[in-house]
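In what follows, a single structure is set out as structure tokens and then discussed.
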Amino acid sequence: MGAVALIRSGFERFFVDGPVGKQTGGGEQQVIAVQQVGELALPTGRLVAADPFVVWPEDAESFTDEVEPGTYPVSVSLVSYIDEDGEPDLRQGYRVAAARVTVKDEPAYSWRPAVVPGEHVPMLPMLPMMPEFGYEVKSSTGAFFDIAAASALDRLTGDDHLGNCALIDALGEVGGGRGPASVTDARTGLNVVAFSTGWGDGVYPTWVGRNTAGEPVAFVTDFFVINRV
């Protein structure tokens, strides 16, 4: 599916359990399982999407679209594979195909790039030819957090006096390190929701879905796992 068609249809189909997309060249079918991760605290209403192991706390930037301060549910789209005989392909396991913060429990009327201050992404009809936008991943991990939680990243992603890393340990308990996981900083009480990023490192875009009033209803990061149709 091209960029224009995807914008028109939205990302809702990424978060519906069941088969999705076209079969692979080997005859395998992708199957989605949606997993609820928990609530994300957004005390400032300013959401950040970033690689938590790479971004420096002082360099974290929130999206220009803000929401009301509060807590919002986070879910991930997990993709696994069924072979041509209808059997699960256990060798591949699952991949995190997309991650979503739900702001309002209603469908999006339109989807547009979620950008940080100073970032410009051309709108339609230039979108199919636009340059990459999104955040860079170098640790195969992405995350959502409030800008106020940026100061907690060093504590959550660094080793403690025993050599343990809270975020790595939490991710390691789920899916062999693929997550998702939510970790709360003891000092601030704020949490970071993290997950593996599809097939690994890259630049991954986040989109904001709006209702007919122009209000944000969801933020979705796409990790380019789901086969377009």
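So which of VAL193, VAL174, VAL217 ends up being touching a Phe, Trp or Tyr at 6+ places or on another chain (Cβ under 6 Å) and either surrounded by 20 or more Cβ atoms within 10 Å (Cβ to Cβ) or among the β-branched types (Val, Ile, Thr) (or both)? Even if it seems obvious, please write down each step before you answer.
Numbers: VAL174 fails: touching a Phe, Trp or Tyr at 6+ places or on another chain (Cβ under 6 Å); VAL217 fails: touching a Phe, Trp or Tyr at 6+ places or on another chain (Cβ under 6 Å).
Matching residue, one of VAL193, VAL174, VAL217: VAL193.
Of all residues in segment 141-154, how many are open to solvent by less than 80 Å² (accessible area, probe 1.4 Å) and either basic (Lys, Arg) or at pLDDT below 95 (or both)?
Taking segment 141-154 as the starting set, the residues that turn out to be open to solvent by less than 80 Å² (accessible area, probe 1.4 Å) are 141-153.
Checking which are either basic (Lys, Arg) or at pLDDT below 95 (or both) leaves us with 151-153.
Residues that pass the stated criteria total 3.
Looking for something open to solvent by less than 30 Å² (accessible area, probe 1.4 Å), assigned to a loop (DSSP other than H, G, I, E, B) and within 29 Å of ILE168 (Cα to Cα) - is there at least one such residue anywhere in segment 119-126? First the steps, then the outcome.
If we filter segment 119-126 for residues that are open to solvent by less than 30 Å² (accessible area, probe 1.4 Å), which is where we start, we get 121-122.
Restricting the remaining residues to those that are assigned to a loop (DSSP other than H, G, I, E, B) gives 121-122.
Those left that are additionally within 29 Å of ILE168 (Cα to Cα): none.
No, because not a single residue in segment 119-126 is open to solvent by less than 30 Å² (accessible area, probe 1.4 Å), assigned to a loop (DSSP other than H, G, I, E, B) and within 29 Å of ILE168 (Cα to Cα).
So how many residues does segment 110-130 have that are over 20 Å from the mean Cα position of the chain (by Cα) and modelled with pLDDT of 85 or more?
1
Say we look at segment 85-99 and pick out the residues that are aliphatic (A, V, I, L, M) and open to solvent by less than 50 Å² (accessible area, probe 1.4 Å); which of these is nearest to ILE226 (Cα to Cα)? Even if it seems obvious, please write down each step before you answer.
Taking segment 85-99 and keeping what is aliphatic (A, V, I, L, M), we get 90, 96-99.
Imposing the further condition that a residue be open to solvent by less than 50 Å² (accessible area, probe 1.4 Å) reduces the set to 96-99.
Details: VAL96: 10, ALA97: 6, ALA98: 9, ALA99: 13 Å.
So, considering only residues that are aliphatic (A, V, I, L, M) and open to solvent by less than 50 Å² (accessible area, probe 1.4 Å), the one nearest to ILE226 (Cα to Cα) is ALA97.
Would you confirm whether or not segment 78-87 contains a residue that is within 30 Å of THR188 (Cα to Cα), touching a residue at least 12 places away in the same chain (Cβ under 8 Å) and of a type in the set (S, T, N, Q)?
Taking every residue of segment 78-87 in turn, none turns out to be within 30 Å of THR188 (Cα to Cα), touching a residue at least 12 places away in the same chain (Cβ under 8 Å) and of a type in the set (S, T, N, Q).
Restricting the search to segment 86-105, which residues are part of a loop (DSSP other than H, G, I, E, B) and polar (S, T, N, Q)? Give the derivation first.
Initially, segment 86-105 is screened for residues part of a loop (DSSP other than H, G, I, E, B), giving 86-87, 89-94, 103-105.
Once the filter is applied, which keeps residues that are part of a loop (DSSP other than H, G, I, E, B) and polar (S, T, N, Q), segment 86-105 yields only GLN92.
Scan segment 39-63 for residues that are within 17 Å of the chain's Cα centre (by Cα), open to solvent by 30 Å² or more (accessible area, probe 1.4 Å) and not hydrophobic (A, V, I, L, M, F, W, C) and report the count.
Residues in segment 39-63 being within 17 Å of the chain's Cα centre (by Cα), open to solvent by 30 Å² or more (accessible area, probe 1.4 Å) and not hydrophobic (A, V, I, L, M, F, W, C): 3 in total.
The values are calculated or read from the model by the stated rules, or taken from the named source; none is laboratory data. The structure displayed is predicted, hence computed values, not measured ones. Neighbour counts run over all protein chains shown; Cβ positions are idealised from the backbone, glycine included. Heavy atoms of the whole protein, side chains included, go into the accessibility calculation; ligands, DNA and RNA do not. Shrake-Rupley method; radii C 1.70, N 1.55, O 1.52, S 1.80 Å.
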